[in-house]
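The values are calculated or read from the model by the stated rules, or taken from the named source; none is laboratory data. Please read all numbers here as calculations on a predicted model, not as lab measurements. No Cβ is skipped: glycine too gets one built from the backbone with ideal geometry, and neighbour counts run over all protein chains shown. Calculation scope for accessible area: heavy atoms of the full protein, side chains included, ligands and nucleic acids excluded. Shrake-Rupley method; radii C 1.70, N 1.55, O 1.52, S 1.80 Å.
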Protein chains: 4
Amino acid sequence: MRRFTEERDWEQFHDPKSLLLALVGEVGELAELFQWLPAEHAAEEAHEEPLRARVGEEMADVLLYLVRLADVLDIDLAAVSRAKMERNALKHALPGGAPSRGAPQARLSD
Amino acid sequence: MRRFTEERDWEQFHDPKSLLLALVGEVGELAELFQWLPAEHAAEEAHEEPLRARVGEEMADVLLYLVRLADVLDIDLAAVSRAKMERNALKHALPGGAPSRGAPQARLSD
Amino acid sequence: MRRFTEERDWEQFHDPKSLLLALVGEVGELAELFQWLPAEHAAEEAHEEPLRARVGEEMADVLLYLVRLADVLDIDLAAVSRAKMERNALKHALPGGAPSRGAPQARLSD
Amino acid sequence: MRRFTEERDWEQFHDPKSLLLALVGEVGELAELFQWLPAEHAAEEAHEEPLRARVGEEMADVLLYLVRLADVLDIDLAAVSRAKMERNALKHALPGGAPSRGAPQARLSD
């Protein structure tokens with residue numbers, strides 16, 4: 001993606017605040033696909049075409065801007081995410097010991 | 001991540017609208033790290049610690065919820081994103097032919 | 001609010017992209033308050049303290065950045081919103097004629 | 001707006017999580033209008049038509065969903081916002097005493 005952007009002389013537009021707003025734009029498009037779906041059937045409805053393909057497209061757009069932002073900032077997003085998953089696994093360790101269940105722990109982030 | 005979630009009985013919370021709002025929350029935290037940085041020095045400042053690590057953490061959080069959402073919807077996010085990058089490369093083809101430069105084309109999404 | 005900002009010399013920070021990212025940050029905080037609430041009880045639960053007060057605070061934050069952005073751009077947000085509501089009332093006119101009901105029309109925006 | 005919504009039988013769609021995602025969608029549309037504008041000229045460019053009118057429309061959409069959400073939750077958004085502005089004025093009091101200037105204080109929220 002870096003080469004793709006450099007070859008097109010787009011680097012001047014790809015400062016972090018612009019990329020972040022572009023990411024927000026794509027998250028907004030993704031939100032619009034789900035906003036009026038009844039919560040309890042949203043997953044089911046999003047498995048059906050044509051919605052499924054549109055959701056995939058918008059999610060890819062979010063990912064591409066996220067990856068581009070990581071690139072601009074020289075952040076190894078895969079490594080940071082892996083490390084985070086491992087910390088989460090430790091923090092929300094399963095039993096033998098006490099299980100950690102329920103809403104406050106449903107977070108994948110810290 | 002699917003196993004991680006199932007083992008903890010979190011699936012009940014991970015409907016698409018909830019995951020989307022969680023993703024919005026993480027995007028918001030990422031935005032807060034950049035909001036008052038001068039646009040022209042934002043990349044530079046985000047290369048310095050401790051900001052760099054915090055940005056990486058928030059970006060990983062966004063990614064984890066995006067991946068979890070893809071998982072819930074059985075969407076192969078990597079494949080869709082790759083296909084999208086290839087379409088972009090075709091659409092914004094470089095010269096020999098006419099170059100495609102400038103702001104309207106700075107989008108990585110369609 | 002303009003006077004408040006000028007007196008503190010904050011105008012330099014209040015360019016539209018920065019204000020937008022600040023607004024995104026507040027929307028993210030609002031999203032975090034709702035993300036794991038079951039959709040069908042979210043309204044009910046948000047009527048209870050202390051959640052109710054926190055939701056009000058975050059909504060006020062969103063509003064303040066929106067009003068500040070309107071101020072920076074010399075947009076009369078109240079007038080534009082009123083005009084929009086009136087157009088909506090025309091567009092989704094009630095019967096005598098055919099009613100306009102259901103999900104696609106649940107939008108308050110165009 | 002409450003009457004407008006009730007008359008159209010839209011209340012079933014207007015649970016808080018759906019309204020929040022709709023608000024996120026509108027914030028995304030607003031972000032898209034600004035994303036590639038150079039930060040230092042964004043305000044200036046947004047003063048020109050046709051951009052100015054489009055920005056006003058999207059801001060009104062954000063406001064309408066915010067007001068609708070407040071309505072669903074019985075929150076007096078104007079009162080909460082006024083109280084918040086007053087607290088801000090106290091917290092960031094001007095001199096005689098020490099002035100409070102600069103980036104960390106550029107927040108209008110707490």
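Miscellaneous remarks
- You will find that of A:L90, A:L94, A:L77, A:L69, the residue that is facing another protein chain (nearest Cβ under 8 Å) and at pLDDT below 90 is A:L94 and no other.
- Consider the range C:1-16 and keep the residues that are assigned to a loop (DSSP other than H, G, I, E, B) and open to solvent by 20 Å² or more (accessible area, probe 1.4 Å). The one that is modelled with the highest pLDDT is C:D15.
- Of the residues in the range C:9-26, at least one is on the phi < 0 side of the Ramachandran plot and touching an Asp or Glu at 6+ places or on another chain (Cβ under 6 Å).
- Restricting attention to the range A:27-40 and to residues that are part of a helix (DSSP H, G or I) and more than 7 Å from chain D (Cβ to nearest Cβ), the residue that is least open to solvent (accessible area, probe 1.4 Å) turns out to be A:L30.
- Matching residues in the range C:66-92 - criterion: being more than 19 Å from D:L108 (Cβ to Cβ) and open to solvent by 50 Å² or more (accessible area, probe 1.4 Å): C:D76, C:R82, C:E86, C:R87, C:L90, C:K91
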